[in-house]
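Asks: Input: one structure, supplied below.
The values are calculated or read from the model by the stated rules, or taken from the named source; none is laboratory data. Keep in mind the model is a prediction, meaning the values are calculated, not measured. Protein only, heavy atoms only, side chains kept; ligands, DNA and RNA dropped before computing areas. Shrake-Rupley method; radii C 1.70, N 1.55, O 1.52, S 1.80 Å.
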Amino acid sequence: MTDHIALVLKLDNWPGVDQSAWKDLFLSGGPFDDVGPCAKWSDGSRKKRSQSYGQWLSFLLRTDETALRKAPTRRMKKARIRAFVAECEMRLAPRTVHSFVTDIYVIAKSIAPKKD
């Protein structure tokens, strides 16, 4: 029997570096504390985007597990994103695929705003 990999990895199953980066996005505090760039996202936005990102991580785990050893934004190569989109297009509506890619982009820009 082979191990089943869920299509959406839950936050608890994300690589540690991704869990840490996600947590940092939502830091909150007083006026002299560091505040994460996504601290004001609603619970709904957080859930939706974590599900999109969980789909991305599941795809990497199933297709190129070595990519998970890299920093989150260093995994985001055009070829990988294209392959992710192609897989999603086989089972999802175009609007949903677009939403996933947009969510992943927003998360990447929030994690590393100065990266291309």
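Asks: Could you report the chain's accessible area per residue, 1.4 Å probe, as an integer in Å²?
Replies: I get 67 Å² per residue for this part.
Asks: What per residue convex hull volume, in Å³, do the alpha-carbon atoms of the chain yield?
Replies: 120
Asks: Within the P(r) computed for region 4-60, what percentage of the Cα pairs occupies the region above 17 Å?
Replies: Within region 4-60, distances greater than 17 Å cover 42 percent of Cα pairs.
Asks: Given a cut-off of 25 Å, name the pairs among LYS77/LYS109; LYS23/LYS70; LYS40/LYS78 whose C-alpha atoms lie farther apart than that in the structure shown.
Replies: LYS40/LYS78
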